[in-house]
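To start, the structure under review is shown below, and the notes come after it.
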Amino acid sequence: MWGGRFAEGPAAVMREINASIPFDKRMWRQDVAGSRAHAAMLGAQGIVSAGDAAAIDAGLAQVAERYAAEGVPDDLAMEDIHMLSEARLGEVIGGAAGRLHTARSRNDQVATDFRLWVRDATDQVVEALDRLDDTLLARAEEHAASVMPGFTHLQSAQPVTLGHHLMAYHEMVRRDRSRFTDNRARANLCPLGAAALAGTGFAIDRDATARGLGFDAPTRNSLDSVSDRDFALDYLMAASQCALHLSRLAEEFVLWASQPFAFVALSDQWSTGSSIMPQKRNPDAAELVRGHSGRITGCLVSLMVTMKGLPLAYSKDMQDDKPPVFEAHDLLALSLAAMTGMVESATFRTERMRQVAESGFATATDLADWLVREADVPFREAHHITGRAVARAEALGCTLDRVPLPELQAIDARITDAVYDVLSVDASVASRRSFGGTAPDNVRAAIAAARAERAGE
Ligand code: ARG
């Protein structure tokens, strides 16, 4: 492509270190689409003849057909997908192919291709998030009133419902979705026409190419256009945060599937066995989702560090922008699909959850609250009285709601028979009706509101 200036070809290692085609061939669809929009604009502006523009367009369609049929070869001599596509176009239409690169550089070309690719990837992630969300809502509805222990410090804290717990992940999924859609809106500007870095002297129409490629407008500053990778970093940031949420859910599945918890039985489809221990059912998929989240965050850090020291405008370091984004996207897509499958097919052992919720004195706060409400005891004092009641229950080897009334009254005479109404785990969760609280009715209302919001999208 630049033979005019050079007497010798590149060293073999130079060729190897320089080539991006082994990975950027993934953008062949975007590359062809970008070139077709550019050629159409060149034709419409009279920068190339209408005949050449039509030949280029038809030729690019053939190039795309061949990519689709045969795949894209790792042709290191061609360096990247942009040069391969132009060379292939030359094979199809001959000399007119040489006019395609008028008023364009690979710098604005790659920035455009990559934005298009990240935009498509974002749309795929949003769809996958919606599928996970559907699953969470369905399982939450099924378990709106299933009692489980709520934890702080991984110690039994207060009873909650499984539906409420799953709806916490719904909230995370919704925030993730909004991060991706916000990114999409911010990134949907077209760098094509910034050329190498300074713009061009040709009378191009950047609005036309932007429109043709589904962008909202052209980017405003040519230097920024070719050196900005914020859209890729934003994607990686949203992906990392999303993967972090999946990792927390995965971690809970790993814990819950363990024998001491036994809160969940993973389906056969989402478990693996051991080659030596016949009794094993391992939650490998959940562990890998947890593991992948580390790798995805690594991809974010990788591109941040690549970008942070680069002067304007384009430097070849920026070719390293694609592998971390592709890797993160593949890992995230797999993780989302795996988590959706696991949540969908898991059997929640609600009787076991209830038993554990009842065993950890998890309604102690309800006793303290009762003393505040019914006997006008200051909360600090109620806390102390309840602490003594818990100690008594522990000594008697029973749950709080089984401590005989005389025992409770020996601790504080203001306690009456009515206290037992609040000491069951069902009464405890049912009472938590404050907005955002765990009461089954709240959970059902939250699910209905979530579905209404989804329907409006
Ligand atoms: N393969 C390059 C990349 O991925 C395309 C841009 C090359 N531009 C240049 N001036 N060498 O970034």
Exercise. What angle, in degrees between 0 and 90 and rounded to the nearest 10, separates the Cα long axis of helix 50-70 from the longest principal axis of the Cα atoms of the chain?
Worked result: 50
Exercise. What residues qualify as long-range amide H neighbours of ASN282, i.e. H under 5 Å apart, gap of 5 or more or another chain, H built at 1.01 Å from N?
Worked result: THR272, GLY273
Problem set entry | trypsin sites (Lys or Arg not before Pro) restricted to DSSP loop in segment 239-318 with at most 14 other C-beta within 10 Å | LYS280
Exercise. Quick one: putting +1 on the C-beta of Lys and Arg, -1 on the C-beta of Asp and Glu, what dipole do you get for segment 231-309 around its Cα centre, in Debye to the nearest 20?
Worked result: 160
Problem set entry | DSSP-loop chymotrypsin sites (Phe, Trp or Tyr not before Pro) across segment 352-397, with at most 16 other Cβ within 10 angstrom | none
Exercise. Over the chain, what percent of the accessible surface lies on carbon and sulfur atoms, probe 1.4 Å?
Worked result: 53
For this session: Using the charge dipole of segment 1-155 (Lys, Arg: +1 at Cβ; Asp, Glu: -1 at Cβ; taken about the Cα centre), state which of THR135, ALA39, ALA7 has its Cα farthest towards the positive end.
Result: ALA7
Seminar exercise, completed: Once phi for every residue in segment 237-246 is put through the Karplus expression 6.51 cos²θ - 1.76 cosθ + 1.60 (θ = phi - 60°), the whole-Hz ³J(HN,Hα) values, with Gly and Pro written as x, are 5, 5, 5, 5, 5, 5, 5, 4, 5, 4
Exercise. Per-residue HN-Hα couplings for segment 411-423, Karplus 6.51 cos²θ - 1.76 cosθ + 1.60 at θ = phi - 60°, whole Hz, x for Gly and Pro?
Worked result: 7, 8, 5, 6, 6, 10, 3, 4, 4, 5, 4, 9, 8
For this session: Hey, can you find the accessible area per residue of the chain for me, probe 1.4 Å, expressed in square angstrom?
Result: 47
Exercise. When ranked by the protection proxy of mean other Cβ atoms within 10 Å per residue, highest first, what sequence do the peptides 9-20, 342-353, 412-423 form?
Worked result: 342-353, 412-423, 9-20
For this session: Set Lys and Arg Cβ to +1 and Asp and Glu Cβ to -1, take the dipole of the chain about its Cα centre, and tell me which of SER424, ILE296, LEU76 lies farthest positive.
Result: LEU76
Problem set entry | Viscosity 0.692 mPa s, temperature 37 °C, Stokes-Einstein D of the chain from Kirkwood C-alpha radius, µm²/s | 125
Problem set entry | Semi-axis lengths, Å, segment 165-227, gyration tensor of Cα atoms, sqrt of 5 times eigenvalues | 36, 12, 6
For this session: For n ≥ 4 DSSP H runs only, could you compute -39500 (n - 2.57) per run for the chain, divide by its residues and tell me the 222 nm figure to the nearest 500?
Result: -21000 deg cm²/dmol
Seminar exercise, completed: Proximal lysine pairs in the chain, meaning Cα under 28 Å and 8 or more positions apart or interchain, come to 5
Problem set entry | Length gained when the stretch GLU142-ASP123 is fully extended (0.36 nm per residue, less Cα-Cα span) | 3.9 nm
Exercise. Which whole-number percentage describes the relative contact order of segment 1-103, with Cα contacts under 8 Å and a sequence gap of 6 or more?
Worked result: 36
Exercise. Roughly how tilted is helix 322-345, in degrees to the nearest 10 and between 0 and 90, from the longest Cα axis of the chain?
Worked result: 40
Exercise. Any idea what the relative contact order of the chain is, in percent, if you count C-alpha pairs under 8 Å spaced at least 6 apart?
Worked result: 16
Exercise. With no solvent and one point per C-alpha, what does the Debye sum give as log10 I(q)/I(0) for segment 403-457 at q = 0.19, 0.24 Å⁻¹?
Worked result: -0.73, -0.88
For this session: Mind checking which of VAL264, GLY98, LEU60 is farthest towards the positive end of the chain's charge dipole, using Cβ charges of +1 (Lys, Arg) and -1 (Asp, Glu) about the Cα centre?
Result: GLY98
Exercise. For segment 362-447, max minus min Cα coordinate along each principal axis, in Å, sorted largest first?
Worked result: 44, 28, 19
For this session: Normalise the Cα radius of gyration of segment 296-336 by 2.2 N^0.38 Å (N = residues in it) and let me know the number.
Result: 1.28
Seminar exercise, completed: Counting all Cα-Cα pairs in segment 228-358, those more than 26 Å apart amount in percent to 38
For this session: Taking amide H positions as placed in the peptide plane 1.01 Å from N, state which residues far from VAL160 in sequence (5 or more) or on other chains have amide H under 5 Å from it.
Result: MET148, GLY150
Problem set entry | Three-way shape call for segment 70-118 based on the alpha-carbon gyration tensor, with the a/c threshold at 1.5 | oblate
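The values are calculated or read from the model by the stated rules, or taken from the named source; none is laboratory data. The structure presented is a predicted model; accordingly, all values stated were derived computationally and were not measured. Don't worry about glycine lacking a Cβ; one is built from the backbone with ideal geometry, like all the others, and counts go over all protein chains shown. Note: areas computed on protein heavy atoms with side chains; ligands, DNA, RNA excluded. Shrake-Rupley method; radii C 1.70, N 1.55, O 1.52, S 1.80 Å.
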